[in-house]
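Data first, discussion second: the structure below is written as structure tokens.
The values are calculated or read from the model by the stated rules, or taken from the named source; none is laboratory data. Treat the numbers as computed from the prediction; the structure is a model and nothing was measured. So basically every Cβ, Gly included, is an ideal-geometry build from the backbone, and we count neighbours across all protein chains shown. Side chains included, ligands, DNA and RNA excluded: accessible areas come from the protein's heavy atoms. Shrake-Rupley method; radii C 1.70, N 1.55, O 1.52, S 1.80 Å.
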Amino acid sequence: HVMDDHQWHFTAHLVLPLPIIVYSSEKGLDSFSSSNFFNEHHEEVEFNGYKLEHNHITLAESGKAVFDLSITKNVAMLLINATLLLTVFLSVAKAYRKNNGKAPKGIQSFMEPIVVFVRDEIVKPNIGHHYERYLPYLLTLFFFILFGNLLGLLPGAGNLTGNIAITLTLAVLTFLITNISANKNYWSHIFWTPGVPLPLRIIILPVEIIGIFTKPFSLMIRLFAAITAGHIVLLSLLGLTFMFHSYLVGFVSSAFVVVISLIELLVAGIQAYVFTMFTSLYI
């Protein structure tokens, strides 16, 4: 559940094979189903000159790594998340055009308070003047993380926002927007902090430069660690049932799982809020 995979395991007997797309200088571009890497006993086998070992695809003869563009479980979750976002907000946008000047209803009435909250309580207070230009990105960021967090709590789902590649990409986007939008006052405070004695400026300069990179790094680690830790706790509690082979332990651990799952629902919203709030603050 926590790791990425080239197959989507729902149960021991319900496995969804995913598309393998690989490129190498020796064999060029190749694509096939991941089910070809497994025999009827679910053991890994070589296929068409490729080998899958510890979830990494290599050339069978040379052992050389290939350029892997496969639709893995987390990529599939990413596409599901994006599709859900588009479906919901295109529907909301259509409702706004249809009910212009009227009270919102349906999914529009559900989403509007959340959008207004993000705008008025997160983006506007932290960015201030010209906040409108950043609002589309920050709303997308908030709902992408929120939907990803909630989808990741479903049984059999993928751990999208607990994947460090996803949180890294979001952090890099924040880093680029923050620094590309920066004006001369921002850079002057970084490289030549005003009102500070010269000896201190020499000390502050490397600290400020390091700070440019530690801010997005903290965003990346915070979301990754919070979501992954929550999933590990849930899986550990469920695992106690099978370790002790006890119905009593299973009942108690399941009760704890319900409580932790409710907390995880809260964490899903908090992490979306925190990531968006810090991004607004950095901008």
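Would you work out which of Val172, Tyr282, Val116 lies farthest towards the positive end of the dipole of the chain, given +1 charges on the beta-carbon of Lys and Arg and -1 on that of Asp and Glu, about the Cα centre?
Positive-end residue among those listed: Val116.
Dipole of the range 66-195, Cα-centred, from +1 at each Lys and Arg C-beta and -1 at each Asp and Glu C-beta, to the nearest 20 debye?
For the range 66-195, the charge dipole is close to 460 debye.
What list of ³J(HN,Hα) couplings, whole Hz, do you get for the range 241-249 from phi and the Karplus terms 6.51, -1.76, 1.60, once you set θ to phi - 60° and write x for glycine and proline?
Going residue by residue, I get 4, 7, 6, 9, 6, 10, 5, 5, 4 Hz, with x marking Gly and Pro.
When we measure straight from the Cα of Lys51, which lysines land under 16 angstrom away, once same-chain ones fewer than 8 places off are left out?
Cross-link targets: Lys27, Lys64.
So what's the back-of-envelope 222 nm ellipticity for the chain, counting only DSSP H runs of four-plus at -39500 (n - 2.57) apiece and dividing by all residues, rounded to 500?
Using -39500 (n - 2.57) per qualifying helix, the result is -20500 deg cm²/dmol.
Please identify every one of the GluC sites (Glu not before Pro) in the range 54-139 that sits in a loop by DSSP and has no more than 11 other beta carbons within 10 Å of its own beta carbon.
Glu61
Taking amide H positions as placed 1.01 Å from N in the peptide plane, with prolines and chain starts having none, which residues 5 or more places from Ser33, or on another chain, fall under 5 Å of its amide H?
Ile20
Which one, [x] 54, 49, 33; [y] 70, 53, 45; [z] 67, 46, 36, gives Cα extents along the principal axes in Å as derived from the coordinates shown?
It is the one labelled [y].
In the chain, carbon and sulfur make up what percent of the accessible area (probe 1.4 Å)?
In the chain, the share of accessible area belonging to carbon and sulfur is 70 percent.
HN-Hα J couplings of the range 186-193 from phi, Karplus 6.51/-1.76/1.60, θ = phi - 60°, integer Hz, Gly and Pro as x?
My calculation for the range 186-193 gives 4, 5, 5, 6, 6, 8, 8, 4 Hz in order.
Which distance in Å, rounded to a whole number, links the C-alpha centroids of the range 1-79 and the range 182-208?
Value for the Cα centre distance between the two parts: 50 Å.
Taking amide H atoms as placed 1.01 Å from N in the peptide plane, list the residues 5 or more away in sequence, or in a different chain, whose amide H sits under 5 Å from that of Tyr50.
Sorted by chain and number, the residues that satisfy this are Ala60.
Enter the accessible area of Thr228 (Å², nearest 10), with the probe set to 1.4 Å and all protein chains included.
Around 20 Å² of this residue is reachable by solvent.
Amide H of Trp8: which non-local residues (sequence gap of 5 or more, or other chain) have their own amide H closer than 5 Å, using H built in the peptide plane?
Answer set, sorted by chain and number: Leu16, Leu18.
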